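The values are calculated or read from the model by the stated rules, or taken from the named source; none is laboratory data. Predicted model only: the values in this text are computed from it and were never measured. Virtual Cβ from ideal backbone geometry, glycine too; neighbours counted across all protein chains shown. The protein model used for the area step is the full one, side chains on, heavy atoms only, and it has no ligands, DNA or RNA in it. Shrake-Rupley method; radii C 1.70, N 1.55, O 1.52, S 1.80 Å.
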Amino acid sequence: MGDWGCLLWSDIPNHRVLRWSEDDGHVSVFQTESGYSNGHTRDNQGRLIAMEHDTRRVRRREYDGTWTILCDSFDGRKLNAPNDAAIPPRRLDLLYRPGLRHHGPYEGHKAEFELPTRVYRIDPSGKVTIAAEGPMRRPNGICFAPDFKRCYVVDTGATDGPGNPANIIVFDVKGTALSNPKVFADFAPGLHRRRSLRHRRQRLV
């Protein structure tokens, strides 16, 4: 937050957001009762956007410090666990975000998925639409290319166990949707090799 002179980050299990001041390096609590928020971003007006795991919603912090709920459901069902967001600066009307995983004690409370794992879009009117779905198992981090013609989504499906994806999917940005998904980078082979080496070392011990 360059204009605020600080760095904000999520302390997820402690249900808060912390603030580091560039003036003196002091760390303080910026927000309590954060909804076990994970990723944050800012919109094109500089307002903070929070992706809340436990409350299963996306919120925006207004200039006066109040919060506005941008989205907490889709098609009549609660969001899974909003994680990260990306907003293309040249197009003020877009907010993309992936829902991530089941809840657990680390992120609030345990709850089951109510929706498939997807990337969603929120337009200025508050309408929520599906920007992309598949071939991702657990869509996580998200960002746009510098020219905003491509969007990258990290799939952390490997956290479900061996054989699941650990890659980055790249999409073409077509209007308000993401299309033509391709594997941009695949980390699964290296991940499986490390797990195999670790298992062999354990056997030797």
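Annotations for the structure displayed:
- Cross-link partners for Lys174 among the lysines, with Cα-Cα distance under 17 Å and sequence neighbours closer than 8 places in the same chain left out: Lys149, Lys182.
- Accessible surface of segment 23-94, 1.4 Å probe, proportion on carbon and sulfur as whole %: 42 percent
- Sorting the segments 135-142, 78-85 by their mean number of nearby beta carbons within 10 angstrom, highest to lowest, gives 78-85, 135-142.
- Within the same chain, lysines fewer than 8 places from Lys78 are excluded, and of the rest, those with a Cα less than 26 Å from its Cα are Lys110, Lys127.
- Each 5 Å bin from zero holds the following percent of Cα-Cα pairs in segment 1-90: 3, 14, 23, 25, 19, 10, 4, 1, 0, 0.
- Per residue value of the accessible surface for segment 21-79 (all protein chains in place, 1.4 Å probe), Å²: 50 Å²
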